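*Asks:* Encoded as structure tokens, here's the structure I'll be asking about.
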Amino acid sequence: MQLVKVGLCAFGMSGKVFHAPFLKQHPGFFLSAIVERSKEESKEQYSDAVIYHSVEEMLQKSDLDLVVVNTPVQTHFEYAKLALEAGKNVIVEKPFTINAREAEDLAKLAAEKNLFLSVYQNRRFDRDYLQVKKMLDEKVLGEIKEVEIRFDRFRTEASGKAHKENPENEGSGSVHDLGAHLIDQAVQLFGKPAKVFADIFSMKGNEFANDYFELIFYYENELRLRLKSSVFTKEDHYAYKIFGNLGCFLQERSDNQENELVTGAIPEYGKEWTLPLDSADGILNISTENSKTERTLTSSEPGNYMNYYQHIYEHIVFGYYLPSPAEEVVVNMKIIDAVIESSKQGRIIDLNF
């Protein structure tokens with residue numbers, strides 16, 4: 001098996017939870033370099049990796065095939081550009097960049113260098129999202145009329161992460177954080193909207209970046225799609241509500257990969273490694289041909305973030321499909337720019353894709 005040497009630009013939560021465990025368990029990758037500016041926490045679990053104290057040092061001294069830029073979003077453009085200019089393929093954590101201009105510049109640079117650039121949109125591999133996609137692919141709801149997708153939390157206190165909460169840092173706040181997931185899923189499931197309207201602000205106060213948003217997407221076929229997030233949601237809502245002319249589908253946000261990884265779960269290669277559900281996590285309610293109602297409790301199949309890295313490996317070795325390529329995710333950044341502008345101006349924004 002061809003071995004792909006990988007360098008990780010940071011060893012915070014993203015590195016510890018979403019990247020390093022999968023790179024270690026996948027037999028096609030070798031995690032050979034990790035950047036830790038002042039600590040050496042990675043030594044215990046990843047003793048084969050050389051620790052560097054800056055991204056610049058790692059790029060200069062290590063022999064890498066792939067670099068994972070998992071630093072704060074405010075540095076994504078700088079470090080991804082450095083890695084591409086050094087001749088490395090790149091994975092960038094979401095959100096891709098702080099704005100569409102930076103995203104377009106990186107996509108253009110990768111194409112010029114004949115390198116790949118992928119954005120880590122791991123929520124495409126969540127069990128709940130995959131179940132919604134399955135229902136839409138099966139067309140059991142008929143023509144889709146209205147959609148709501150939510151990603152809520154109850155986090156009323158400051159986290160201490162300035163790159164996410166300081167309103168003076170461009171790219172901070174929920175729209176770039178959770179919104180990057182919801183916008184990506186909306187575009188993947190329903191395509192590019194024609195117009196957007198947004199209500200974005202901070203429930204915790206003006207000294208914090210936005211922690212609440214409601215985004216409305218308008219489509220040419222009259223579909224209305226709403227994306228919503230709040231940090232003052234103590235009880236869960238259905239994360240996905242899909243309404244069509246034949247019925248509706250309600251899906252809980254049931255994927256637990258992140259929580260299991262945080263508590264030390266090992267994502268085994270080639271296996272389902274998450275805990276099974278203990279109850280149904282969805283409701284399908286449709287009208288049958290004889291106008292009767294058929295209501296069914298549904299259970300989603302396990303998701304697996306390992307599949308993202310499997311796609312990356314197959315792209316490197318066999319030239320297969322690249323997951324969430326930069327050119328595709330530029331669309332998401334254009335939408336993020338537009339919804340922020342919409343909220344500032346208090347009006348609908350035409351996207352003109």
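*Asks:* Suppose we filter E146, E85, E104 for residues that are more than 18 Å from G15 (Cα to Cα), at pLDDT 95 or above, of a type outside the set (A, V, I, L, M, F, W, C) and within 20 Å of the chain's Cα centre (by Cα); which single one remains?
*Replies:* Matching residue, one of E146, E85, E104: E104.
*Asks:* Suppose we keep only residues that are in contact with a strand residue (DSSP E or B) (Cβ under 7 Å, 6 or more places away or on another chain) and not in a loop (DSSP other than H, G, I, E, B) within segment 137-153. Which one would you say is surrounded by the most Cβ atoms within 10 Å (Cβ to Cβ)?
*Replies:* Selected residue: I149.
*Asks:* Can I ask one more? Residue by residue through segment 317-327, note down the ones that are in contact with a helix residue (DSSP H, G or I) (Cβ under 6 Å, 6 or more places away or on another chain), surrounded by 17 or more Cβ atoms within 10 Å (Cβ to Cβ) and either assigned to a loop (DSSP other than H, G, I, E, B) or of a type outside the set (A, V, I, L, M, F, W, C) (or both).
*Replies:* Passing the criteria: L322, P323.
*Asks:* Return yes or no: is V339 part of a helix (DSSP H, G or I), surrounded by 20 or more Cβ atoms within 10 Å (Cβ to Cβ) and of a type in the set (V, I, T)?
*Replies:* For V339, the condition - part of a helix (DSSP H, G or I), surrounded by 20 or more Cβ atoms within 10 Å (Cβ to Cβ) and of a type in the set (V, I, T) - is met.
*Asks:* Being in contact with an Asp or Glu (Cβ under 8 Å, 6 or more places away or on another chain), at pLDDT 95 or above and over 30 Å from P21 (Cβ atoms) narrows it down to one of F249, F243, so name that one.
*Replies:* The unique qualifying residue is F243.
*Asks:* Determine which member of the set Q121, Q74 is out of contact with any strand residue (DSSP E or B) (no Cβ under 6 Å at 6 or more places or on another chain), modelled with pLDDT of 95 or more and surrounded by 20 or more Cβ atoms within 10 Å (Cβ to Cβ).
*Replies:* That would be Q121, the only listed residue that is out of contact with any strand residue (DSSP E or B) (no Cβ under 6 Å at 6 or more places or on another chain), modelled with pLDDT of 95 or more and surrounded by 20 or more Cβ atoms within 10 Å (Cβ to Cβ).
*Asks:* Pairs only if they're at least six apart or on different chains, beta carbon under 8 angstrom, first in segment 70-92 and in contact (Cβ under 8 Å) with a residue 24 or more places away in the chain and within 12 Å of F116 (Cβ to Cβ), second open to solvent by less than 10 Å² (accessible area, probe 1.4 Å) and charged (D, E, K, R); list them, first residue then second.
*Replies:* none
*Asks:* Is it the case that V17 is of a type outside the set (F, W, Y) and in contact with a helix residue (DSSP H, G or I) (Cβ under 6 Å, 6 or more places away or on another chain)?
*Replies:* Yes.
*Asks:* I'd like to verify a number: residues in segment 224-238 that are in contact with a strand residue (DSSP E or B) (Cβ under 8 Å, 6 or more places away or on another chain) and over 15 Å from Q188 (Cα atoms), how many?
*Replies:* Result for segment 224-238: 10.
*Asks:* Taking segment 298-316 as the region of interest, how many residues are open to solvent by 20 Å² or more (accessible area, probe 1.4 Å) and among the small types (G, A, S)?
*Replies:* The qualifying residues number 1.
*Asks:* Are any of the residues in segment 291-312 touching a Phe, Trp or Tyr at 6+ places or on another chain (Cβ under 8 Å) and acidic (D, E)?
*Replies:* Looking through segment 291-312, none of the residues is touching a Phe, Trp or Tyr at 6+ places or on another chain (Cβ under 8 Å) and acidic (D, E).
The values are calculated or read from the model by the stated rules, or taken from the named source; none is laboratory data. These numbers come from a predicted model, not from an experiment. Virtual Cβ from ideal backbone geometry, glycine too; neighbours counted across all protein chains shown. We work out accessible area using only protein heavy atoms, side chains counted, and drop any ligands, DNA or RNA first. Shrake-Rupley method; radii C 1.70, N 1.55, O 1.52, S 1.80 Å.
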